């Protein structure tokens with residue numbers, strides 16, 4: 001733009017014509033307007049310092065990752081409805097990633113990206129959104145910062161045990177109101193992570209498990225009020241120990257409901273000292289779910305080498321093979337588990353104890369469902385248990401047919417799940433000082449399904 005038309009007389013020094021003043025003033029107003037618009041659409045955080053900010057997608061940032069990259073610790077990335085075809089990594093601490101609508105804010109892997117959201121930033125949060133169609137995990141919380149190790153397989157390549165010194169556990173995490181479906185490994189995966197909460201979330205159609213907690217000691221983690229269905233395994237706990245609580249969850253219509261495992265493919269074995277109270281684990285006989293690698297089917301709770309765990313006030317019902325299965329695996333004996341005061345109904349067997357010794361396990365006050373072996377040793381039916389040899393270990397009953405299952409890609413999309421209230425305005429809450437006080441008395445025995 002030319003400020004002065006050379007065809008006109010130039011004003012004398014120290015004077016400005018009214019026309020020139022108006023022209024300059026108009027240009028400045030236009031320039032300020034353009035700058036303001038640029039700020040609103042900028043993919044940089046508006047202030048480099050100051051109080052925590054809300055970064056909005058897509059009105060301020062075209063992608064979730066660009067907003068996350070621009071965020072500072074304590075900021076919230078608030079995402080409006082849409083299908084976001086990207087993978088997101090949160091590496092900064094205390095970032096809150098929130099969708100404004102749980103079912104309509106969707107991170108879609110299109111069956112070609114590995115993970116939906118990977119969180120390595122301490123005390124960060126993911127809430128009120130959906131992750132689907134990934135070749136490994138929907139949502140991963142982990143202390144593993146090497147991206148080459150964040151894909152399928154226990155947080156590491158080919159299931160090699162992780163170096164816990166090189167990769168210390170992520171401290172602080174939370175998943176709230178997250179829907180994860182049709183992912184090739186896990187829906188919500190906390191591995192090498194501690195001091196966290198997974199709550200009011202949903203998982204279906206995972207080729208392995210809807211929710212997985214692995215390799216933490218202590219975990220100091222609460223998994224509560226979640227729903228998992230139509231997965232190979234509803235919830236999986238592997239080498240996850242101390243301060244781990246699964247409370248008030250509904251685990252239904254999977255191939256296997258809950259597995260509590262020790263193995264030598266991950267570090268920190270054996271698994272020990274987790275608490276399971278007030279859960280409903282029912283009808284885990286779903287033939288329209290992804291096939292599990294080891295062929296398990298019709299089992300409510302499988303304890304494979306898990307040790308010193310406590311199962312109380314759970315309702316375990318309608319599982320075609322057994323409510324509980326207890327066995328030694330990979331050189332890890334199942335030791336010191338207390339299964340007492342649970343409601344077992346309409347399972348073919350209440351407990352199958354496949355261990356060679358009682359190993360201080362006990363099974364008491366769980367009703368009168370048949371067991372294998374038929375007459376459990378007295379020391380097993382009294383808590384705390386004692387250690388004696390089992391004359392005849394139990395065996396899993398044969399079932400007519402283990403259905404082959406279906407591809408995780410073909411599980412129908414779930415119905416909309418309840419979202420968080422006031423998602424547009426509720427203040428950000430980073431995952432600090434979690435999981436907080438755990439009151440087991442608040443979790444009573446669930447009522448039977450009608």
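We did not get these values from a lab; they are worked out from the coordinates using the rules stated. Computed from a predicted structure; not experimentally measured. No Cβ is skipped: glycine too gets one built from the backbone with ideal geometry, and neighbour counts run over all protein chains shown.
Given R₀ = 51 Å, FRET efficiency for residue 85-residue 368 by Cβ-Cβ distance, to 0.05? According to the calculation, E is roughly 0.40.
Residue separation times 0.36 nm, minus the C-alpha to C-alpha distance between residue 287 and residue 402: what's the value? Please report the intermediate quantities before stating the final value.
Details: separation 115, 0.36 × 115 = 41.40 nm, distance 0.81 nm.
Length difference between fully extended and current span is 40.6 nm.
Starting from the Cα gyration tensor of segment 245-299, take the square roots of the eigenvalues, sort them a ≥ b ≥ c, and report rounded, prolate or oblate (rounded when a/c is under 1.5, otherwise prolate if a/b is larger than b/c, else oblate). Verdict is oblate for segment 245-299. Using 18 Å as the cut-off for backbone N distance, which residues of segment 246-286 belong to the label zone defined by a point 7 Å from the Cα of residue 165 along Cα→Cβ? Answer for this model: 267-269. To the nearest 500 deg cm²/dmol, what mean residue ellipticity at 222 nm is calculated for the chain from DSSP H runs of n ≥ 4 alone, each contributing -39,500 (n - 2.57), summed and divided by the residues? The per-residue figure over the chain is -2500 deg cm²/dmol.
R0 = 60 Å: FRET efficiency of residue 379 with residue 62, Cβ-based, nearest 0.05? Computed FRET efficiency for residue 379 and residue 62 comes out at 0.40. In terms of its C-alpha gyration tensor, segment 354-450 has an oblate overall shape, because the principal axis ratio a/c (a ≥ b ≥ c, square roots of the eigenvalues) is not below 1.5 and a/b does not outweigh b/c.
Taking only the Cα atoms of segment 237-413, the ratio Rg/Rh comes out at 0.95, with Rh defined as the Kirkwood radius. Exposure proxy for 230, 433: other Cβ atoms within 10 Å of each Cβ, ordered fewest to most, give 433, 230.
Taking the mean number of other Cβ atoms within 10 Å as a proxy for protection, how do you rank 51-62, 70-81 from highest to lowest? Mind dumping the intermediate values first?
Working: 51-62: 17.2, 70-81: 20.2.
Peptide ranking by packing, descending: 70-81, 51-62.
Report the calculated FRET efficiency for residue 420 and residue 346 (r = Cβ-Cβ distance, R0 = 35 Å), to the nearest 0.05. Computed FRET efficiency for residue 420 and residue 346 comes out at 0.50.
For residue 444 and residue 356, calculate 0.36 nm times their separation in residues minus their Cα-Cα distance, and state this gained length in nm to one decimal. The partial results should precede the final answer.
On the way: separation 88, 0.36 × 88 = 31.68 nm, distance 3.31 nm.
Extra length available between residue 444 and residue 356 comes to 28.4 nm.
Full extension of the chain between residue 395 and residue 410 gives 2.1 nm of extra length, using 0.36 nm per residue less the Cα-Cα distance.
Label the chain by shape, choosing from rounded, prolate and oblate, from the square roots a ≥ b ≥ c of the eigenvalues of the Cα gyration tensor; if a/c is under 1.5 it is rounded, and otherwise prolate applies when a/b is larger than b/c, oblate when it is not.
Working: a/c = 3.03, a/b = 2.76, b/c = 1.10.
Here the chain falls in the prolate category.
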